[in-house]
Amino acid sequence: MTEDVFDAIIVGAGVAGSSAAYRLAKAGLQVVLIERGPFPGSKNLSGGVLYGRVLHDLIPNFWESAPVERVITNQIVSFLTADSSVNLDFKTEAFNQPPYNGFTVLRARFDRWLAEQAEAAGVMLVPGIKVDGVVKRDGKVVGISADNEEMLAKVVIAADGANSFIAQQAGLRDKVPAGHAAVGVKEVIGLPREVIEERFHLNGNEGAAYNIVGFATRGVPGGGFLYTNQESLSVGLVIHLEALVERQLKPAEIFEDFLAHPMIAPLIKGGKLLEYGAHLVPEGGLKMMPPLAADGLLLVGDAAGFGVNNGFVVRGMDLAIGSAVAAAETIIEAQAADDFSAARLQSYPSRLEKSFVMQDMRTYARAVDFMKNERLFEVYPALLSNILADIYRQDAQPKKNLGPTLLKNLKTSKISLLDLLKDALAGGRAL
């Protein structure tokens, strides 16, 4: 009896899995997309920013039918102390023109829509299936097993998230170590549309994205974020796991302090809690990246460790889609050659090296270590706040020029001029 063998099986119907499935189906391949949840997006904690140029290349003008929330026209970087905030606020109408630079999305809705596009292209979507492991024959991955049954394919794509069980089963990686992981804690807070637009100074579908450092994490390496949706806010923290363990701090307690901060509390005032959750976030960059290809197997998205956090912006979805498209193009070539060996599939990492995905990962490779510099989370926010307080304070005392003001605050801070210069140099290289 001849076994049924699909061209590709993709495990995980997030943005990476569905994008790869869509591209393969458009090329005429038989594709099965397996999702553990009852529907794509059901396991994702809603809220994030999608920088969508790469998806526009895959599905032109996707925003016309996709459930996007707001167009990101405002990017804000905030430095917090316990009782103050310093904001770098950038707004441009250039980002409010198609093809748009970025959107806020609610993943439960957006992932479901993207999987539906893949289905419409011919993909077989199979939700509610927990994959038990990979099937290997003669050392080659030839499918997956679930509920004591096997499903075979010429190639498997692991798109099953940061702690990819498929990649572990295949022997490409271990569990994400604490030093390369962070804990993400997030709430979705409901507010009327008109309140959001008035509170954040937005017009129509304009949106704002905040990246926040300092007291947001009580000085622990990590950061906060706040994104505006149409009728809700996505608010959260990403905190390095190893530092949390070392300091014996609880993410929930840090998060409560963050929400009560004098800058954050007015922005969420009167809101209704719609969702709350926590999840693992890969933050090791190139240091934690496993082999991306093996006999009959490719890794994409979080499973491959793709993510960028350089303090100004947090990216994951666009890198996931870019890696998915590169994987699909590799498989299309492999299908034409009828060769899914590791040697043939090595064109996938080669293809990534030529794309923005790996080039951006290399550009910001040093940001991983730089963003663990504890002075970023305590000393520099306080220094900025004290300098500006001196500039704006009018107390019937003679004022000093900017230079002496800077030097005075530098002397009273906990940082030497040498450390300041070192950090400036390291920041310039990393960011």
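The values are calculated or read from the model by the stated rules, or taken from the named source; none is laboratory data. It should be emphasised that the depicted structure is a prediction, and the values quoted were computed from it without experimental measurement. Quick reminder, even Gly has a Cβ in these numbers, built from the backbone with ideal geometry, and neighbours come from all protein chains shown.
Do we find a residue being buried (at least 19 other Cβ atoms within 10 Å of the Cβ), in contact (Cβ under 8 Å) with a residue 24 or more places away in the chain, touching a Ser or Thr at 6+ places or on another chain (Cβ under 9 Å) and among the aromatic types (Phe, Trp, Tyr) anywhere in segment 300-320? Scanning segment 300-320, I find at least one residue that is buried (at least 19 other Cβ atoms within 10 Å of the Cβ), in contact (Cβ under 8 Å) with a residue 24 or more places away in the chain, touching a Ser or Thr at 6+ places or on another chain (Cβ under 9 Å) and among the aromatic types (Phe, Trp, Tyr), so the answer is yes.
On the given criteria, is residue 210 farther than 22 Å from residue 365 by Cβ, of a type in the set (Phe, Trp, Tyr) and in contact with a helix residue (DSSP H, G or I) (Cβ under 9 Å, 6 or more places away or on another chain)?
Working: farther than 22 Å from residue 365 by Cβ: yes; of a type in the set (Phe, Trp, Tyr): yes; in contact with a helix residue (DSSP H, G or I) (Cβ under 9 Å, 6 or more places away or on another chain): yes.
For residue 210, the condition - farther than 22 Å from residue 365 by Cβ, of a type in the set (Phe, Trp, Tyr) and in contact with a helix residue (DSSP H, G or I) (Cβ under 9 Å, 6 or more places away or on another chain) - is met.
Residue count for segment 114-136 satisfying the condition of being modelled with pLDDT of 95 or more and assigned to a strand (DSSP E or B): 7.
Yes or no, residue by residue, for (1) at pLDDT below 90; (2) surrounded by fewer than 20 Cβ atoms within 10 Å (Cβ to Cβ):
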residue: 211; (1), (2): no, no
residue: 227; (1), (2): no, no
residue: 230; (1), (2): no, yes
residue: 237; (1), (2): no, no
residue: 243; (1), (2): yes, no
residue: 248; (1), (2): yes, yes
residue: 252; (1), (2): no, yes
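Take the residues of segment 288-343 that are acidic (Asp, Glu) and part of a loop (DSSP other than H, G, I, E, B): which is farthest from residue 356 (Cα to Cα)? Give the derivation first.
Applying the first criterion (acidic (Asp, Glu)) to segment 288-343 yields 295, 302, 318, 329, 333, 338-339.
Subsequent filtering for residues that are part of a loop (DSSP other than H, G, I, E, B) retains 295, 338-339.
Working: 295: 25, 338: 28, 339: 27 Å.
It comes out as 338.
Looking at residue 385, is it assigned to a helix (DSSP H, G or I), polar (S, T, N, Q) and either farther than 30 Å from residue 143 by Cα or in contact (Cβ under 8 Å) with a residue 24 or more places away in the chain (or both)?
Values: assigned to a helix (DSSP H, G or I): yes; polar (S, T, N, Q): yes; either farther than 30 Å from residue 143 by Cα or in contact (Cβ under 8 Å) with a residue 24 or more places away in the chain (or both): yes.
Yes; evaluated as a whole, the condition is true for this residue.
Looking at segment 30-44, is at least one residue crowded, with 22+ Cβ neighbours inside 10 Å, of a type in the set (Asp, Glu) and either at pLDDT below 95 or under 29 Å from residue 146 (Cβ atoms) (or both)? For segment 30-44, residues crowded, with 22+ Cβ neighbours inside 10 Å, of a type in the set (Asp, Glu) and either at pLDDT below 95 or under 29 Å from residue 146 (Cβ atoms) (or both): present.
So that you can scan it fast, the table gives a plain yes or no per residue for (1) buried (at least 22 other Cβ atoms within 10 Å of the Cβ); (2) β-branched (Val, Ile, Thr); (3) in contact (Cβ under 8 Å) with a residue 12 or more places away in the chain:
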{"site": "86", "(1), (2), (3)": "no, yes, yes"}
{"site": "104", "(1), (2), (3)": "yes, yes, yes"}
{"site": "109", "(1), (2), (3)": "no, no, yes"}
{"site": "115", "(1), (2), (3)": "yes, no, yes"}
{"site": "118", "(1), (2), (3)": "yes, no, yes"}
{"site": "122", "(1), (2), (3)": "no, no, yes"}
{"site": "126", "(1), (2), (3)": "no, yes, yes"}
{"site": "135", "(1), (2), (3)": "no, yes, yes"}
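Screening residue 372 with (1) touching a residue at least 60 places away in the same chain (Cβ under 8 Å); (2) crowded, with 19+ Cβ neighbours inside 10 Å gives one miss only, at (2).
A quick yes/no check of all residues on (1) out of contact with any Pro (no Cβ under 8 Å at 6 or more places or on another chain); (2) modelled with pLDDT of 90 or more; (3) of a type outside the set (Ser, Thr, Tyr); (4) not assigned by TED's automatic domain parsing to the domain that holds residue 30:
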{"residue": "342", "(1), (2), (3), (4)": "yes, yes, yes, no"}
{"residue": "354", "(1), (2), (3), (4)": "yes, yes, yes, no"}
{"residue": "396", "(1), (2), (3), (4)": "yes, no, yes, yes"}
{"residue": "422", "(1), (2), (3), (4)": "yes, yes, yes, yes"}
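Cβ-Cβ distances below 8 Å connect the following pairs, each with a first residue in segment 51-68 that is modelled with pLDDT of 95 or more, a second residue that is assigned to a helix (DSSP H, G or I) and of a type in the set (Ser, Thr, Tyr), and a separation of six or more residues or different chains: 55/19; 58/19; 58/22; 59/22. Quick one: which residue in 188, 183, 195, 176 is touching a Pro at 6+ places or on another chain (Cβ under 9 Å), touching a residue at least 60 places away in the same chain (Cβ under 8 Å) and within 27 Å of residue 70 (Cα to Cα)? Testing whether each residue is touching a Pro at 6+ places or on another chain (Cβ under 9 Å), touching a residue at least 60 places away in the same chain (Cβ under 8 Å) and within 27 Å of residue 70 (Cα to Cα) leaves just 183.
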